[in-house]
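Below is one structure, written out as structure tokens, with a few remarks after it.
The values are calculated or read from the model by the stated rules, or taken from the named source; none is laboratory data. Source: prediction; values computed, not measured. Neighbour counts are summed over all protein chains in view; Cβ atoms, including those assigned to glycine, are modelled from backbone coordinates with ideal geometry.
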Amino acid sequence: MNEKGFPLRYPLLAMAVLSLAAGAWLGLIRLGLEIPRLRPASPLSHGPLMVSGFLGTLIAVERAIALRRGWTYIGPLLSGLGGLALIAGLPGEWLLTLGSLGLVIVFVVIVRSHPAPYTVTMGLGAVAWLAGNVLWLAGLPVQKVVLLWAGFLILTIAGERLELGRLLRFPEARQSLFAAANGLFIAGAVVATVRLVPGMRLAGVGMLALTLWLLRHDIARRTVQREGVTRFIAVCLLSGYAWLGIAGVLGMSFGLLGGAFSYDALLHAIFLGFVFAMIFGHAPIIIPAIAGVSPPYHPAFYVHLGLLHLSLLLRVSGDIAGWIPGRQWGGLINVVAGILFLMNTAYALFLQRGNGPPDAQS
């Protein structure tokens, strides 16, 4: 069976979406909102579900589709099952860890066949995911491994951006600065597993340095001047970089801010502001590629993007100020932005099938 007809990707994507939904619900419970408990899942599974069950599975499926080899689906199958185990209140740590090992093996194949700075960067991101899962499995608390999980996503995205910008033929000096920024972040993530505060601060320096590099050299600076879906993607990217920079500043200030929830502000600036802006931006390309239809775009996409940023600004402000209603409302509207994203994407897909107005651009 060729890859295009390979049926496993659809249940895997369904597993990832279930992890997303359960993780978002558990996140609202952790915010202290009075909503029904998601039994028997633990609210402590919020982070692992979002990072490994959802994003890890999604990224691994994307790699499997690109490689067109059946064995590459084993990793996302394991991480998807691990997410379902956490939702069911079962120990899914082993499955998630084996799933991340599967992605590392995939990148070993990729780097060996196509060694390049961007494949190495994304491969190191997979290694960071595996390392974080191994340490979590060994008993380290989430707050000491969460930067390694963040490193998985940051390096994956940074590597993809470096790949898309390869036609610009960056000189070695620029590539060295890129590597140095990533190296600072990873060094901070490693230090954080032993000493949290110094590690957060060092990682913050790395995030800010990477933000400045991306804002200066990413091709999105040029494509934002175009129209339609190209401009939308660029706006998503540039706004996501801004949140990575905010996360960097929060990291450098970690332990010094007066707010009681600076840890929450830092993590959600990364995982929501940076990562979900990237998801929103790449969805018009990735989701249709998986679904087998042309890339959907509609100007309504700016609504869920704007709602994401405004709600996150409310949440982060509430975190720093210790204003609980602000962080709760911000978190709730974060979820609404995600739901609106799914609805707008489904509507755009409907239009692309010829049932809507001709002005929906791709």
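Filter the stretch 210-229 down to residues that are outside any helix (DSSP H, G or I) and free of Cβ contacts under 8 Å to residues at least 60 places away in the same chain, then give me how many there are.
Matching residues across the stretch 210-229 total 5.
Go through the stretch 91-105 and give me each residue that's more than 15 Å from M15 (Cα to Cα) and at pLDDT 95 or above. Reasoning before the result, please.
To start, the set of residues in the stretch 91-105 that are more than 15 Å from M15 (Cα to Cα) comprises 91, 93-94, 97-98, 100-105.
Once the filter is applied, which keeps residues that are more than 15 Å from M15 (Cα to Cα) and at pLDDT 95 or above, the stretch 91-105 yields E93, W94, T97, L98, S100, L101, G102, L103, V104, I105.
Sort through L8, L26, L90, L31 and tell me the only one that's within 19 Å of the chain's Cα centre (by Cα) and outside the structural domain of N133 (by TED's automatic domain parsing). Don't jump to the end; show me each part of the working.
Numbers: L8 fails: within 19 Å of the chain's Cα centre (by Cα); L90 fails: within 19 Å of the chain's Cα centre (by Cα); L31 fails: within 19 Å of the chain's Cα centre (by Cα).
Only one candidate qualifies: L26.
When the stretch 125-142 is examined, which residues are found to be touching a residue at least 40 places away in the same chain (Cβ under 8 Å) and over 23 Å from A158 (Cα atoms)?
L135, W136, L137, L140, V142
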